Structures are given as structure tokens and as C-alpha cells.
Amino acid sequence: SGRIILSKTFCGSAAYAAPEVLQGIPYQPKVYDIWSLGVILYIMVCGSMPYDDSDIKKMLRIQKEHRVDFPRSKNLTGECKDLIYRILQPDVNRRLHIDEILSHSWLQPPKPK
């Protein structure tokens, strides 16, 4: 029918939860899952969590400020950081969709030389 169904329930770890969920705002499950994907991708390339969840209020404030810090020691490419940064977008209307993620330059095969 084209209607967007919003969820109101939360289950899982706060460390993987999108800001809208932590704030108790009804959310679109697929858009929420994109945020969690960003957290997992960050963990995969950095070896640590993007946000410290020992203080949820502080974590939420940092997320809403769209702060994503990458360890310098990992020497991540700008494309990798760009993808994660755009996935961990606190504004649900600006967060990447799956088709945008799949077509992102970081996920494309290298150009032949």
C-alpha cells in the first residue's frame, strides 16, 4: 500500500541503537537497521565501538552532533570514512539507503590500471 510502518519497540544493545530509537521516537525499522550496519562496519574496520555506551545520554548527544571519530592508527581511506560517516547520520531523512550504500565508491571494485 506504500505506507510506512513505524516501530515503537526497542530490543538489543544501546551501543548499536540509532539516536531516534534511544530518544523513544517511532522509527522506520529499515532505516534503523542501516544505523546498526554502520556501527558494525565501524567495528569491522576500526576494531572498536564508534561510541562509548557507558553513558547513554552523553553517547546520544555525541551521535546527534554527528561526531564520528576514527582512530588515526587504522589509516582508513577517505572513502571508507565517508561511507561510515554517512551511514551514522543522525538525521533519518539524510541517512544513506541500502542502494546508496551498495553504490558507494568504497564498495566498488578498483578501476583497472
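The values are calculated or read from the model by the stated rules, or taken from the named source; none is laboratory data. This structure is a prediction, so every number in the text was calculated from the model and none was measured. Positions of Cβ are backbone-derived with ideal geometry, glycine not excepted, and every protein chain shown enters the neighbour counts.
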- prompt: Would you say Y42 is among the aromatic types (F, W, Y), closer than 15 Å to L88 by Cβ and surrounded by 21 or more Cβ atoms within 10 Å (Cβ to Cβ)?
  reply: yes
field: Matching residues in the stretch 58-73 - criterion: being outside any helix (DSSP H, G or I), surrounded by 12 or more Cβ atoms within 10 Å (Cβ to Cβ) and more than 13 Å from the chain's Cα centre (by Cα)
entry: F70
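Just give me the residues in the stretch 21-54 being within 10 Å of the chain's Cα centre (by Cα) and at pLDDT below 95, in sequence order.
V31, Y32, D33
Report yes if some residue within the stretch 83-92 is out of contact with any Phe, Trp or Tyr (no Cβ under 9 Å at 6 or more places or on another chain) and either of a type in the set (F, W, Y) or modelled with pLDDT of 95 or more (or both); otherwise report no.
Yes, there is a match, as at least one residue in the stretch 83-92 is out of contact with any Phe, Trp or Tyr (no Cβ under 9 Å at 6 or more places or on another chain) and either of a type in the set (F, W, Y) or modelled with pLDDT of 95 or more (or both).
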task: Could you figure out which of (1) under 16 Å from D91 (Cα atoms); (2) touching a helix residue (DSSP H, G or I) at 6+ places or on another chain (Cβ under 7 Å); (3) surrounded by fewer than 16 Cβ atoms within 10 Å (Cβ to Cβ) isn't true of I34?
output: (3)
field: Any chance A18 is surrounded by fewer than 18 Cβ atoms within 10 Å (Cβ to Cβ), touching a helix residue (DSSP H, G or I) at 6+ places or on another chain (Cβ under 8 Å) and either small (G, A, S) or modelled with pLDDT under 95 (or both)
entry: no
Enumeration of residues in the stretch 3-43 that are touching a Pro at 6+ places or on another chain (Cβ under 7 Å) and part of a loop (DSSP other than H, G, I, E, B): L6, K8
query: Among the residues of the stretch 33-66, how many are of a type in the set (F, W, Y) and more than 21 Å from T77 (Cα to Cα)?
result: 0
task: Would you mention how many residues in the stretch 44-57 are within 20 Å of W106 (Cα to Cα), out of contact with any Cys (no Cβ under 9 Å at 6 or more places or on another chain) and in a helix (DSSP H, G or I)?
output: 2
- request: Output the number of the condition that D99 fails; it satisfies all remaining conditions of (1) modelled with pLDDT of 95 or more; (2) among the charged types (D, E, K, R); (3) buried (at least 16 other Cβ atoms within 10 Å of the Cβ); (4) in a helix (DSSP H, G or I).
  value: (3)
